[in-house]
Amino acid sequence: MTHLIFIRSNSGRRELTSIQAGCRQRRQHTRPTLTMPPYTVTYFPVKGRLGAVKIMLADKGQELKEVLVSMEEWQKGDLKATCVFGQLPKFEDGDLVLFQSNAILRHLGRNHGAYGKDSREASLIDMMNDGVEDLRSKYIKLIYQEYDTGKQAYLKDLPNSLCKFETFMAKTNSGFLVGKEVSFADYNLFDLLLNHLVLCPKSLDNFPKLNDLVKKMSAQPKVRALLDSEAFKKIPINGNGKQ
Ligand SMILES: N[C@@H](CCC(=O)N[C@@H](CS)C(=O)NCC(=O)O)C(=O)O
């Protein structure tokens, strides 16, 4: 099976390291301070359901190896047959293999101090992340099924979804969804808000807390470096060219 394998450094720069699965020789890395071993993700060449994972790992200074799968390769079915739910992304942390993007986010939240300070905060973070997933599902439906006919109605209804996050953040009043520290749910919401700013640049105009979150997260140096990197900018948000 032939995949493209990239290693993304802290700065968001990606290097082609190998094109033959089974012959994964890494080029000498120029940033020896990065935490090893790297995580590996296997996914299509889109931001899609991996945007939040990539942003979080960049912010946490973690290296990420990416195996890019073309639609042609996917349609052969061999890889799909090995995926627990028949879908990507696939995530590997040593010999732990995970599917489901939110399980991946939770795993990283647990391992990198982004899951609240106690179980109470963790439960609230879970709740908010499920809210992000609900909005992401609506967004994906719009993009893949209703873009040409449903965009206006989607944008009309969007404030009803966004105001729930705004109200919750106003109560927390720390600049994050829950507690005083960034959590995986913040990365997930941030990624989805970035998509919505592309969909409609004015979509956050009436949501100061959400606007602040986007500004604050975008200003984190490692996140900024990722967002500004050519490699990240050139990946399409979605697989059908709509955004
Ligand atoms: N609930 C899953 C959804 C995964 C999903 O929808 N994957 C899509 C790409 S984003 C996929 O693999 N599509 C190809 C297929 O279903 O054959 C998650 O959050 O990871």
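The values are calculated or read from the model by the stated rules, or taken from the named source; none is laboratory data. As the structure is a prediction and not an experimental result, all values here were calculated from the model. Heads up, the Cβs are rebuilt from the backbone with ideal geometry, glycines too, and the neighbour counts pull from every protein chain shown.
Observations, loosely collected:
- Residues that are touching an Asp or Glu at 6+ places or on another chain (Cβ under 9 Å) and at pLDDT below 95 within the range 31-79 comprise R31, L34, T35, M36, P37, P38, listed in sequence order.
- Test: residue in the range 187-194 that is free of Cβ contacts under 8 Å to residues at least 24 places away in the same chain, crowded, with 19+ Cβ neighbours inside 10 Å, on the phi < 0 side of the Ramachandran plot and not in a loop (DSSP other than H, G, I, E, B): yes
- For the range 36-51, filtered to residues that are in a helix (DSSP H, G or I) and more than 18 Å from K222 (Cβ to Cβ), the residue that is farthest from the chain's Cα centre (by Cα) is G48.
- The listed residues are K76, K117, and the only one of them that is farther than 29 Å from F176 by Cβ and either more than 14 Å from the chain's Cα centre (by Cα) or among the aliphatic types (A, V, I, L, M) (or both) turns out to be K76.
- Taking (1) within 20 Å of G51 (Cα to Cα); (2) not in a loop (DSSP other than H, G, I, E, B) in turn, A170 satisfies each apart from (1).
- Counting only helices (runs of 4 or more DSSP H) wholly contained in the range 52-141, the ones carrying 1 or more residues that are in contact with a Gly (Cβ under 6 Å, 6 or more places away or on another chain) and crowded, with 19+ Cβ neighbours inside 10 Å occupy 119-141.
- Number of residues in the range 67-91 that are in contact (Cβ under 8 Å) with a residue 40 or more places away in the chain and touching a helix residue (DSSP H, G or I) at 6+ places or on another chain (Cβ under 9 Å): the value is 7.
- Residues of the range 97-109 that turn out to be farther than 22 Å from S119 by Cβ and more than 9 Å from the ligand (Cβ to nearest atom), as a count: 1
- Meets criteria (free of Cβ contacts under 8 Å to residues at least 12 places away in the same chain, surrounded by fewer than 12 Cβ atoms within 10 Å (Cβ to Cβ) and on the phi > 0 side of the Ramachandran plot) for N173: yes
- Screening G94 on (1) touching a residue at least 24 places away in the same chain (Cβ under 8 Å); (2) touching a strand residue (DSSP E or B) at 6+ places or on another chain (Cβ under 7 Å); (3) closer than 17 Å to I55 by Cβ; (4) more than 9 Å from the ligand (Cβ to nearest atom) shows it passes everything except condition (3).
- With respect to (1) within 16 Å of the ligand (Cβ to nearest atom); (2) of a type outside the set (G, A, S); (3) surrounded by 15 or more Cβ atoms within 10 Å (Cβ to Cβ); (4) over 17 Å from A52 (Cβ atoms), the lone exception for I237 is condition (4).
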